[in-house]
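Worksheet: the structure to be examined is printed underneath.
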Amino acid sequence: MIKQLRALDEAAFDWVFRSTRSLRKTRLAFWFSRSGDGPYYALFALFAMIAAVEGSWLFVQRALLAFAIEIPLFIGLKHTLRRSRPRSRPTIRPVITPADTFSFPSGHSTAAFLFAALIVASFPLWTSAVYLWALLVGVSRVALGVHFPSDVLAGALLGTGIAFVVMAILP
C-alpha cells in the first residue's frame with residue numbers, strides 16, 4: 001500500500017512539474033514560493049498593527065504563538081521522517097535550492113496554510129484570496145521541483161491544524 005501511494009505521489013509530481021513549465025519560465029512559481037518566506041508574515045502583521053485594523057492585535061498574538069509551535073514542529077518532523085526531495089530523482093532538476101535537505105512536510109505550505117487560517121479567523125473578508133495564495137505557494141513548491149504533492153498536502157493539514165489549536169487557546 002505504501003509503495004502504491006508513493007508511486008501515485010511521484011506520478012502526481014511528474015504531472016505537476018511538467019504542467020507548470022510555463023510558470024517556471026515566467027518566474028510566477030518563484031514569486032509565489034518567495035511570497036511564502038517568513039519575513040513577509042511579519043511584514044503583514046506589522047501593517048495590520050500600523051493600520052489599526054480591528055482584530056489585528058489578536059491576530060498578532062495568535063501568529064506569534066502559532067509560529068512558535070509550527071517552526072520547531074515541522075523541522076522536527078522533517079528531521080525525523082527524513083524524506084528525500086524530488087531532486088534525488090535523476091530526471092529532476094529543481095529550479096531553486098531549498099533551505100534544507102528533507103522534504104516532508106513542506107515548511108512553506110505549513111506556514112502558508114497556518115497564516116491563511118489565522119487571517120481568515122481575524123479578517124474573514126480575505127478568505128478566498130488568502131486560501132488561493134496559500135494553494136499557489138504549495139503548488140509553486142512542486143512546480144519548482146523541491147516538494148512532492150504529499151509534502152504540500154501534509155503541510156497544509158499541519159498548518160491548518162496548528163491554527164485551529166492556537167485559536168482554541170486564544171479564542
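Okay, helix-only estimate at 222 nm for the chain: each DSSP H run of n ≥ 4 adds -39500 (n - 2.57), divide by all residues, round to 500 deg cm²/dmol; what do you get? List each step's numbers first, then the result.
On the way: 8 runs with 125 residues, N = 171.
Helix contribution divided over all residues of the chain: -24000 deg cm²/dmol.
Taking every C-alpha pair closer than 8 Å and separated by at least 6 residues, the mean separation divided by the residue count of the range 43-169 gives a relative contact order of 31 percent. Which of Leu64, Ala11, Thr160 sits closest to the plus end of the dipole of the chain, meaning its Cα is farthest towards the positive end, when Lys and Arg get +1 and Asp and Glu get -1 on the C-beta? Selected residue: Ala11. Helix 127-143 and the longest principal axis of the C-alpha atoms of the chain enclose an angle of approximately 30°.
Highest mobility in the GNM of the chain, judged by mean-square fluctuation with C-alpha springs under 10 Å and restricted to Arg85, Arg21, Arg141, is found for Arg21. Taken about its Cα centre, the chain carries a charge dipole of about 820 debye when Lys and Arg each add +1 at the Cβ and Asp and Glu each add -1 at the Cβ. When the range 43-169 is described by a simple charge dipole with +1 on each Lys and Arg Cβ and -1 on each Asp and Glu Cβ, the residue from Gly55, Phe123, His147 located farthest towards its positive end is His147. Labels on offer are [x] 17.2, 52; [y] 15.0, 42; [z] 16.3, 52, and the one holding Rg and Dmax of the Cα atoms in Å computed from this structure is [z].
Quick one: angle between helix 107-122 and the longest Cα principal axis of the chain, in degrees between 0 and 90, rounded to 10, please. Here the helix axis deviates by roughly 30 degrees. Specify the inter-centroid distance of the range 35-63 and the range 12-28, based on alpha-carbon positions, in whole Å. The distance from the Cα centre of the range 35-63 to that of the range 12-28 comes to 31 Å. How tilted is helix 149-169 with respect to the longest principal axis of the chain? Cα atoms for both, answer in degrees (0 to 90, nearest 10). So the inclination is approximately 20 degrees.
Every number in this text was worked out from the coordinates using simple rules, so none of it is lab data. Note that the structure is a prediction, hence the values are computed from the model and not measured. Because the Cβ atoms are built from the backbone with ideal geometry, glycine has one as well, and the counts that use them run over all protein chains shown.
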